[in-house]
Amino acid sequence: MTAVFSDSLTLAEVPRVPDAPTVAVLGMGYVGLPTSLALREAGFPVVGVDISERRLDDIRTGAVDLLDRDRPRLTEAMDSGLMALFADPAILSAVDAVIIAVPTPVDRDFNPDLRAVRSACASAVENARSGQTLILTSTTYVGTTRDLLVEPLTERGFEVGEDIHVAFAPERINPGDALWEQAAVPRVLGGVTPACTEQAARVLAATASKLHVVSSVEAAEFTKLQENTFRAVNLAFANEMAAAAGFYGVDPVEIVDAAATKPYGYLAHYPGPGVGGHCIPVDPYYLLTPLREAGVATPVVESAMAGVAGRPHQVAERAMEIAGEGASILLVGVAYKPGVEDYRESPSLEIAEQLKALGAQVSYHDPLIPEVAGMSSVSSPDPSDYDLVVVSVVHPGRSYEFLADADQILDATYKTPGGKVRHSL
């Protein structure tokens, strides 16, 4: 099958290196962009594909949320001439391997939203040609790789494992984490056939500390769901234990730190204002939803996710107990976690929404996020202007000295100093 291009695309635009496959990354978000940089540094020519021209322009200008150490990597990759960006997925026909890294969110009712992954897989299938390797990395339900790649490729006449190869290798990227960069983390890989695994390994091996090969794509898909569900369950447990610690008048962070001195059988998880981001509060529903439909009981996970979903409301209710109706409240931090310039899926936004619904006047301070639609931002807050300061997220390397002058603080991080009177959840 030959490549088919729109009028705006030519083969000359696709970067090539002798004896190295050209790899396309479909989806250039918080997973796809670091993946592209890792592939480029490993010696592969890279094609970045995203339907958002604005996102591609931001990458070209460097106006993206990256660790400081990654910005020179982006500049070097773009200046090398071996990393090209396209909005037209027809370019996928000209590459040797395609890595699919698109979002898999949930809707407001916590139902998996499969539109992005369905569209991306459809584009990969439509533009597939013999000899390619297709690797899905988006966290999704068990069976996605077969449903959205293997079956439609077979319908097109390909024999998977012979003239085209398909695998699943879930991403393990922790935005804002300077300790565990992508290349230092082992990666799980499962192919449709042994040949598929082998071909995918040739693309991914140089971008991870090692590959852990599992027996099937389904095993790889389930592994990622178990990883993130484990985190969600333990974070829900940490919040529950924080309330129990408060009942007994002890510091929950002190307790976690003390328990973590045990060198086996314990993994520290700390309480907070809620669970944010695109993974932990989202991915477990890609496990739960199919199991619910099949009548498979998962009471521990169900209970934990109810706790995760309800945590921001608990924070808001506690704040109103302290401050009273009509209070003026400053919310410190709206990012979904420390050190990132991203507030999507942030529990802080839910806290603010609940506070407003309960009658509070809410402003926020976040040195990394100066503007959020529908919210009043304060760059240099005066704590005396507020009845209560709710601390939700603090960023490393930023000053929060103003908190010392706050009359009342509700510290939902449990470990940020400040406040003349400190309240617990």
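The values are calculated or read from the model by the stated rules, or taken from the named source; none is laboratory data. Computed from a predicted model, the values in this text were never measured in an experiment. Reconstructed Cβ throughout: ideal geometry from the backbone, glycine too, with neighbour counts over all protein chains shown.
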Let me confirm something: among Leu134, Leu74, which residue is crowded, with 17+ Cβ neighbours inside 10 Å and modelled with pLDDT under 95? Leu74
Residue check, Val389 against (1) in a loop (DSSP other than H, G, I, E, B); (2) of a type outside the set (Phe, Trp, Tyr); (3) in contact (Cβ under 8 Å) with a residue 60 or more places away in the chain, all met but one. Which one? (1)
Members of the stretch 133-160 found to be more than 21 Å from Arg187 (Cα to Cα) and part of a loop (DSSP other than H, G, I, E, B), listed by number: Arg156, Gly157, Phe158, Glu159
Scan of the stretch 392-416 for residues that are surrounded by fewer than 22 Cβ atoms within 10 Å (Cβ to Cβ) and assigned to a strand (DSSP E or B), ordered by number: Gln408
Could you go through the stretch 17-33 and let me know if any residue there is in a helix (DSSP H, G or I) and not assigned by TED's automatic domain parsing to the domain that holds Pro338. yes
Would you mind telling me which numbered condition in (1) within 26 Å of the chain's Cα centre (by Cα); (2) buried (at least 19 other Cβ atoms within 10 Å of the Cβ) Gly419 fails? (1)
Checking the structure you have, find out if any residue of the stretch 311-323 is in a loop (DSSP other than H, G, I, E, B) and either farther than 21 Å from Phe222 by Cα or free of Cβ contacts under 8 Å to residues at least 24 places away in the same chain (or both). no
Inter-residue pairs, beta-carbon under 6 Å, first among the small types (Gly, Ala, Ser) and in the stretch 233-244, second in a helix (DSSP H, G or I), 6+ apart: Ala236/Ala304; Ala236/Gly307; Ala236/Val308; Ala242/Pro252
Of (1) closer than 24 Å to Ile351 by Cα; (2) free of Cβ contacts under 8 Å to residues at least 12 places away in the same chain, Val250 satisfies all except one. Which? (1)
Checked against (1) farther than 24 Å from Thr223 by Cβ; (2) buried (at least 24 other Cβ atoms within 10 Å of the Cβ); (3) free of Cβ contacts under 8 Å to residues at least 60 places away in the same chain, Ile91 satisfies every condition except (3)
Using the structure shown, decide if Phe247 is out of contact with any strand residue (DSSP E or B) (no Cβ under 6 Å at 6 or more places or on another chain) and under 27 Å from Ile409 (Cβ atoms). yes
So, in the stretch 341-360, how many residues would count as being under 16 Å from Val391 (Cα atoms) and in a loop (DSSP other than H, G, I, E, B)? 3
